[in-house]
Every structure is written in structure tokens, then in C-alpha cells.
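> My questions will all concern the structure given below.
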Amino acid sequence: MSWVTKTLNSTLGRKLLMALTGLFLILFLVVHLAGNLQLLIPDNGESFNIYAETMANNPFIRVVSIGNFAFILIHIIYAAVLSRQNKSARPVNYATSKASTNSTWSSRNMGILGTVILIFLIIHLRGFWYEFKFGEMPTAEYGGMIYKDGFKIVSEAYSNILYVVIYVVSMGFLAFHLSHGFASAFQTLGLNHAKYSPLIQKIGAGFSILIPALFALIPIVMYIQSL
């Protein structure tokens, strides 16, 4: 067994992979949000549809998309492994637990938060990504060019109050997940310092609120527009 395999199979190696994949997924959230915000441009979906078509036909973006799915899978697998290791290391709970005084609620419930986010992700991918790739898509014409009308698919989904509620609640879970995961990733990578750690924590707190809030804003606005 090579040193690379040994490292990746060690607790430290698994934590490093969790941190690296987590930071990649955080970056992906920013890029994905930038694209999704084009849904709110009042041009009947033209900007979003052209953007989606351009991204779908970009070879680099295709490779990144494959990598993104791989990183999500790695992140999930190693999260489950580390969670199981932690439970095995302490099979019997302490008689008196004061976890709330030593850690945040989100840090103690990352497994639950991650599970809810995974369920939402599966629903989201089935409703949008799968339809974009394999479903019967309506089309729209801009400047003599035909584009898949993904905006129409999204608009129909966000006219359903049940889906909007599920989406917004899921973004709440994402916010709690990010509130711990952001700073934790930097700490795992050894990028913690008495001078800079408070700043990283503040940036992480702001990020964990702003990004999910903007994601949640999109279906709320589109639902109101559909009334």
C-alpha cells in the first residue's frame, strides 16, 4: 500500500479530503448562484437560457461538472466514514454531557444537516438537471438562434408553493451546514491563526447567511411573480 493510499485512509487524510472537497463545493455554490441570479433579470428568461446553453456546451465546464459530482460523492462518503469513526471511538455517551457549552448546534448535527441537504440535492437534480439533460425541453428563440427554455421549466417549478417551501427550508439547513463547515475546513488545513481565525469565522458566518439567502430569494421572487 502506497503512502498516498495510507494517507487518504487515515483519519487526518479523510479530514483533509473533507476540507478540500468542502471548499471546492463552497466555490461551486458561488458560481452556481451567479448563474441562477440571472433568473431574476426581467427579460423573460433570455439571459438565463443563453447562459445555460453556453455553459452546457463549454468543454471545460463539462469537466468541472463531472469533478463536482465526484467531489460531492467523496464528501458524502468521507463524512459518513468519519461520523462512524467518531461514534465507534465513544460508543457510550458520557453520563453528563455539556456539548452545548463546547460546540455549536450545527457542529454537533452536521450529519443530520448533510443528510437533509443530500435529499434536497437529489430532488433538485431530478427536477432540473435531469430534465435539462434528458427531458423534453421547450425551446425559445433569441436573435434567430434556438435555445432550450430552461427558464420555463424553472418558472413552472417555482410556481408551486410546496417546492418553494422545500427549497427555502433546505437553504436554511445549508446555512447551518456552512456556518460550521466553512471555518472548519480552514482549520483542518492548518490555516488557523490567532490573528486571522476570527476574520475567517466572520467571513464564514457572513457567507453562510448571504449565499443561502440569495438562493432562497430566487424561488420566492419567482413564486410572487407567478401569482
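> Report, ordered by the first and then the second residue, all pairs with beta carbons closer than 9 Å, sequence separation of six or more or different chains, a first member in region 198-218 that is over 12 Å from Gly172 (Cβ atoms) and without any contact (Cβ under 8 Å) to a residue 60 or more places away in the chain, and a second member that is in a helix (DSSP H, G or I) and open to solvent by 70 Å² or more (accessible area, probe 1.4 Å).
From residues that are over 12 Å from Gly172 (Cβ atoms) and without any contact (Cβ under 8 Å) to a residue 60 or more places away in the chain, the pairs are Ile200/Gln187.
> Within region 192-227, can you find the residues that are open to solvent by 80 Å² or more (accessible area, probe 1.4 Å), of a type in the set (A, V, I, L, M, F, W, C) and under 15 Å from Ser179 (Cβ atoms)?
Matches in region 192-227: Ile203, Ile209, Leu210.
> Next question. Need pairs with beta-carbon distance below 6 Å; first residue closer than 20 Å to Ile123 by Cβ and within region 145-158, second charged (D, E, K, R); sequence gap 6+ or separate chains.
Hits for this filter: Ile153/Glu131.
> Continuing with this model, one more query. Inside region 106-165, can you point out the residues that are of a type in the set (Gly, Ala, Ser), open to solvent by 40 Å² or more (accessible area, probe 1.4 Å) and more than 30 Å from Ile77 (Cβ to Cβ)? Before you say what the answer is, go through the steps one by one.
Pass one, region 106-165, residues of a type in the set (Gly, Ala, Ser): 106-107, 111, 114, 127, 135, 140, 143-144, 150, 155, 157, 159.
Checking the rest, the ones that are also open to solvent by 40 Å² or more (accessible area, probe 1.4 Å) come to 111, 143-144, 159.
Scanning region 106-165 gives Gly143, Gly144, Ser159.
> Output the qualifying pairs, or none if there are none: Cβ atoms under 9 angstrom, residues six or more apart or on different chains, first residue in region 104-124 and without any contact (Cβ under 8 Å) to a residue 40 or more places away in the chain, second residue exposed (fewer than 15 other Cβ atoms within 10 Å of the Cβ).
Note: pairs meeting the criteria are Arg108/Ala99; Arg108/Ser100; Gly111/Ala80; Gly111/Ser83.
> Also, quick follow-up: Check Ala89, Ala99, Ala95 and return the single one that is touching a Lys or Arg at 6+ places or on another chain (Cβ under 7 Å), modelled with pLDDT under 75 and surrounded by fewer than 14 Cβ atoms within 10 Å (Cβ to Cβ). First the steps, then the outcome.
Values: Ala89 fails: touching a Lys or Arg at 6+ places or on another chain (Cβ under 7 Å); Ala95 fails: touching a Lys or Arg at 6+ places or on another chain (Cβ under 7 Å).
When all the criteria are applied, what remains is Ala99.
> Being assigned to a strand (DSSP E or B) and without any contact (Cβ under 8 Å) to a residue 60 or more places away in the chain is the filter here, so list the residues in region 125-142 that pass it. Lay out the reasoning, then the answer.
Here is the first cut: in region 125-142, the residues assigned to a strand (DSSP E or B) are 139-142.
Of everything in region 125-142, those that are assigned to a strand (DSSP E or B) and without any contact (Cβ under 8 Å) to a residue 60 or more places away in the chain turn out to be Thr139, Glu141.
> I'm checking my understanding of the structure. Among residues of region 26-60 that are among the hydrophobic types (A, V, I, L, M, F, W, C) and over 25 Å from His177 (Cβ atoms), which one is surrounded by the fewest Cβ atoms within 10 Å (Cβ to Cβ)?
So the first thing to find is which residues in region 26-60 are among the hydrophobic types (A, V, I, L, M, F, W, C), and the list is 26-31, 33-34, 37, 39-41, 48, 50, 52, 55-56, 60.
Keeping just the survivors that are over 25 Å from His177 (Cβ atoms) gives 41, 48, 50, 52, 55-56, 60.
Numbers: Ile41: 13, Phe48: 23, Ile50: 17, Ala52: 22, Met55: 15, Ala56: 15, Phe60: 8.
My answer is Phe60.
> Considering region 21-51 alone, what residues qualify as being in contact (Cβ under 8 Å) with a residue 12 or more places away in the chain and of a type in the set (A, V, I, L, M)?
From region 21-51, those in contact (Cβ under 8 Å) with a residue 12 or more places away in the chain are 21-26, 28-30, 33, 35-40, 44-46, 48-51; that's our starting set.
Passing the criteria: Leu23, Leu25, Ile26, Leu29, Val30, Leu33, Leu37, Leu39, Leu40, Ile50.
> Same structure again: Could you grab the pairs with beta carbons closer than 7 Å, sequence gap of 6+ or different chains, first residue in region 52-81 and more than 14 Å from Leu20 (Cβ to Cβ) and assigned to a helix (DSSP H, G or I), second one open to solvent by less than 50 Å² (accessible area, probe 1.4 Å) and basic (Lys, Arg)?
Every condition considered, the pairs that remain are Val81/Arg14.
The values are calculated or read from the model by the stated rules, or taken from the named source; none is laboratory data. A quick note: this is a predicted structure, and the numbers were derived from the prediction, not measured. When we count neighbours, we look across all protein chains shown, and the Cβ atoms used for this are built from the backbone with ideal geometry, even at glycine. What goes into the accessible areas is simple: the full protein's heavy atoms, side chains included, and nothing from ligands, DNA or RNA. Shrake-Rupley method; radii C 1.70, N 1.55, O 1.52, S 1.80 Å.
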